[in-house]
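The values are calculated or read from the model by the stated rules, or taken from the named source; none is laboratory data. All of these numbers come straight from a predicted model, not from anything done at the bench. Heads up, the Cβs are rebuilt from the backbone with ideal geometry, glycines too, and the neighbour counts pull from every protein chain shown.
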Ligand code: ATP
Ligand code: MG
């Protein structure tokens, strides 16, 4: 799954609209301490549905909105859009390019979007299930994640292999069907 582009507006330190484009192959993000490198990774996890403000290094969800600086007023809304290459059809949606978005306002209004249409978080989760992209999956290996995988119980480690094998989706559907 190739992440082609991230657009951030009002997210954490990115007050101006910031667009980061990724070529295929390896991209490294370099910058001084506090320049916003980790905020880019936070932005990705946020769009994919991260619900824990703490794991986004804040204390409440509002902390993802640009809080202002000596030169700039605080903003009222944070918005992030990811553009994914879907030319191999890995995502079950009939578009070569898929955008996933999330925005939140200070008043707490929150929206998720697929291809610019408002959707539920569940729709995003279902779309990316089995691709390794989810917040709990393996496409984002944060600090400590490798240790966590190595020291986890066999049953927990199994979930990672199930996601990689693309069967999480089917297990989830089975679970939902048996609940009805
Ligand atoms: P390091 O090299 O130390 O890991 P980094 O490049 O990863 O640094 P980040 O942690 O991404 O840096 O960025 C931290 C910066 O983002 C801090 O200066 C912090 O003030 C700023 N920041 C975080 N949240 C907000 C917010 N809501 N509004 C404005 N600035 C914010
Ligand atoms: Mg960092």
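Which residue is surrounded by the fewest Cβ atoms within 10 Å (Cβ to Cβ), if the candidates are limited to segment 130-156 and must be in contact with a helix residue (DSSP H, G or I) (Cβ under 9 Å, 6 or more places away or on another chain) and at positive phi?
Applying the filter and picking the extreme gives 132.
Can you go through 127, 159 and tell me which one is farther than 25 Å from residue 37 by Cα, out of contact with any helix residue (DSSP H, G or I) (no Cβ under 6 Å at 6 or more places or on another chain), in a helix (DSSP H, G or I) and at pLDDT 90 or above?
Unique residue meeting the criteria: 127.
Restricting to segment 160-179, give me the number of residues that are on the phi < 0 side of the Ramachandran plot and in contact (Cβ under 8 Å) with a residue 12 or more places away in the chain.
Residues meeting the conditions: 7.
Suppose the filter is free of Cβ contacts under 8 Å to residues at least 12 places away in the same chain and either out of contact with any helix residue (DSSP H, G or I) (no Cβ under 7 Å at 6 or more places or on another chain) or within 16 Å of ligand 1 (Cβ to nearest atom) (or both); does residue 38 pass it?
In short, no.
From the list 59, 69, exactly one residue is touching a residue at least 24 places away in the same chain (Cβ under 8 Å) and within 12 Å of ligand 1 (Cβ to nearest atom). Which is it?
From the options 59, 69, the qualifying one is 69.
Determine which single condition residue 135 fails, assuming it passes every other condition in (1) closer than 27 Å to residue 176 by Cα; (2) assigned to a helix (DSSP H, G or I).
Only one criterion is unmet by residue 135, namely (2).
Just one of (1) more than 17 Å from residue 9 (Cα to Cα); (2) away from ligand 2 (no atom under 16 Å from the Cβ) trips up residue 75, so point out which.
It is condition (1) that residue 75 fails.
Any residue at all in segment 34-48 that is closer than 20 Å to residue 144 by Cβ and more than 16 Å from ligand 2 (Cβ to nearest atom)?
There is at least one residue in segment 34-48 that is closer than 20 Å to residue 144 by Cβ and more than 16 Å from ligand 2 (Cβ to nearest atom).
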